[in-house]
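Note sheet for the following structure.
The values are calculated or read from the model by the stated rules, or taken from the named source; none is laboratory data. It should be emphasised that the depicted structure is a prediction, and the values quoted were computed from it without experimental measurement. Cβ placement follows ideal geometry from the backbone for every residue including glycine, while neighbour counts extend to all protein chains displayed.
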Amino acid sequence: MKKILIGAATAAVVAAGTFGAVSANASAPAAAPAVALKADAANGNLQQSTHLTIEAATKAAQATLDAAEDENQRVSVAVVDRNGNTIVTLRGDGAGPQSYESAERKAFTAVSWNAPTSELAKRLATAPNLKDIPGTLFLGGGAPVTVKGAPIAGIGVAGAPSGDLDEKFARAGVEALDK
């Protein structure tokens, strides 16, 4: 009986303390910002950017997977946005377990440098520390998606026997966006 009373008393003290903290926080007025900033296009404070819709990303991913399946290859494909966030990933039937993450990393690498990952892999000869950048994978199989020369997405493919094939399939996804 003594343990129950102590437990109930403890619960009451915690609840009262929580209620007091919530009440104090709820009643405190928010500090007004010192200066209101204007963000408008006329002042050059805003920049418009282009992004793939989920429909476009899915179309590109499916076209990529179809191109690989046409050549009897089992791959995974990932489409990431300009910031490297995954929009869609498809894992083809029979694709290896490592292909999922590799496809995402290749897509991230392609959009980050706005270049095919096969070209970036060649840079490792003169800058071997590039491979140490988190989230990147400097192997063929990634292709950037660009609008007016600026990267807006990346498509990464992994699972084919060579990076050249992976990249060929990634380019098929990029090309599907032009149709």
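Summary table
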read-out: Options ALA57, ALA95, ALA68: the member that is modelled with pLDDT of 95 or more, crowded, with 20+ Cβ neighbours inside 10 Å and in contact with a helix residue (DSSP H, G or I) (Cβ under 8 Å, 6 or more places away or on another chain); value: ALA68
read-out: Single condition LEU139 does not satisfy, out of (1) within 22 Å of ASP70 (Cα to Cα); (2) touching a strand residue (DSSP E or B) at 6+ places or on another chain (Cβ under 9 Å); (3) assigned to a loop (DSSP other than H, G, I, E, B); value: (1)
read-out: Where LYS131 falls short, out of the listed (1) part of a strand (DSSP E or B); (2) surrounded by fewer than 21 Cβ atoms within 10 Å (Cβ to Cβ); value: (1)
read-out: Matching option when the condition is in contact with a strand residue (DSSP E or B) (Cβ under 9 Å, 6 or more places away or on another chain), touching a residue at least 12 places away in the same chain (Cβ under 8 Å) and either in a helix (DSSP H, G or I) or farther than 16 Å from GLY154 by Cβ (or both), among SER49, SER112; value: SER112
read-out: Near pairs, Cβ below 7 angstrom, 6+ apart or cross-chain, from the stretch 76-105 (within 16 Å of PHE169 (Cβ to Cβ) and free of Cβ contacts under 8 Å to residues at least 40 places away in the same chain) to any residue that is of a type in the set (Asp, Glu) and crowded, with 18+ Cβ neighbours inside 10 Å; value: THR89/GLU104
read-out: Considering residues of the stretch 158-179 that are closer than 21 Å to GLY94 by Cβ and among the hydrophobic types (A, V, I, L, M, F, W, C) only, the residue surrounded by the fewest Cβ atoms within 10 Å (Cβ to Cβ); value: LEU165
read-out: Index of the failed condition, ILE155 passing every other in (1) in a loop (DSSP other than H, G, I, E, B); (2) within 24 Å of LEU90 (Cα to Cα); (3) not basic (Lys, Arg); value: (1)
read-out: In the stretch 158-172, the residues that are in a helix (DSSP H, G or I) and not acidic (Asp, Glu); value: GLY163, LEU165, LYS168, PHE169, ALA170, ARG171, ALA172
read-out: Answer residue from the stretch 143-169, given it is small (Gly, Ala, Ser) and under 20 Å from THR50 (Cα atoms) and is farthest from the chain's Cα centre (by Cα) among those; value: GLY149
